[in-house]
């Protein structure tokens, strides 16, 4: 346990540096946004392209793996919606509670953390989860909100989802890398060195950006934030682990990667979605802050348990 903590500590120390840089005005909101965009569009894309170019396409998509993750996540998703709604919340708020409890910070925290600690071979599994979160649960929340607001819905709702997939640089770069590797193109040394140098900025840049963004968040509703953070950090990985190891019998390494990914704190893009629809953004902001702070311990414990 101590050895795992010492391995994860540097990652969360970088998050802490980012947090205090924002907290004490060394870095403002505009500076944080600039770093976030650099990491999102360039550094992470370079890392993912380089990793995916070395993977085999036929080993990337595993229907059993995806099915297990969807089953566990959907079970908790529906359970949280029901519990939240029958406790007196509006349906829209209940939907976002479910999103908070199930969708983690896979892109910015999961990819660099697992690639370094668990190995680059974990990236393919993490990307499957990231794509599933975006394509299935990203679609589901939009559909549920539109239905709850009595708007016309149908295939037209899929358009922004598909557009979003193609506009996500992580998914695009990962896919291009797979195609590059499948066609067996030889990567020129200068371009390979370029990808290595740029990709090395992904891990510290992403972690620093996470910390800095946390400094602008507040905890206005600690009870709800604590409860939702508990669901994300404990209930989600627990359900995923039960299904992966004992129901679907996923290969141990893949199952471990799935559980660790499920234990990640609340995703930042959930807050952006809440702002867009004007649904309890403060509640989500608080859950992101608390879950990220607690994840320094809980993610470490999860890694120690499953590896």
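A few comments on the model shown:
- Whole-Å distance, taken between Cα centres, linking segment 1-37 and segment 63-99: 30 Å
- Mean separation of Cα contacts under 8 Å (6+ apart) over length of the chain, as relative contact order %: 34 percent
- Ellipticity estimate at 222 nm from DSSP helix runs (n ≥ 4, -39,500 (n - 2.57)) divided over the chain, nearest 500: -22000 deg cm²/dmol
- Protection proxy ranking of 186-193, 224-231, 298-305 - average other beta-carbon atoms within 10 Å, highest first: 224-231, 298-305, 186-193
- Relative to the globular-protein estimate of 2.2 N^0.38 Å, the Cα radius of gyration of the chain stands at 0.97.
- Packing, as the average of other Cβ atoms within 10 Å across residues, places the peptides 61-71, 90-100, 175-185 in the order 90-100, 61-71, 175-185, highest first.
- Three-way shape call for segment 188-243 based on the alpha-carbon gyration tensor, with the a/c threshold at 1.5: oblate
- In segment 200-299, Rg over Rh equals 1.03, where Rg is the alpha-carbon radius of gyration and Rh the Kirkwood radius from pairwise Cα distances.
- Order of 111, 35, 4 under a 10 Å beta carbon neighbour criterion, fewest first: 4, 35, 111
- With N as its number of residues, segment 14-135 has a Cα radius of gyration that, divided by 2.2 N^0.38 Å, comes to 1.30.
- Footprinting exposure proxy for 82, 285, 173 (fewest neighbouring C-beta atoms within 10 Å first): 82, 173, 285
- Packing-based order for 214-223, 72-81, 199-208, using average beta carbon neighbours within 10 Å, highest first: 199-208, 72-81, 214-223
Each value in this text was obtained by applying a stated rule to the coordinates, not by laboratory testing. Because the structure is predicted, anything quoted here is derived from the model rather than measured. For neighbour counting, all protein chains shown are included, and Cβ atoms are generated from backbone atoms with ideal geometry for every residue, glycine included.
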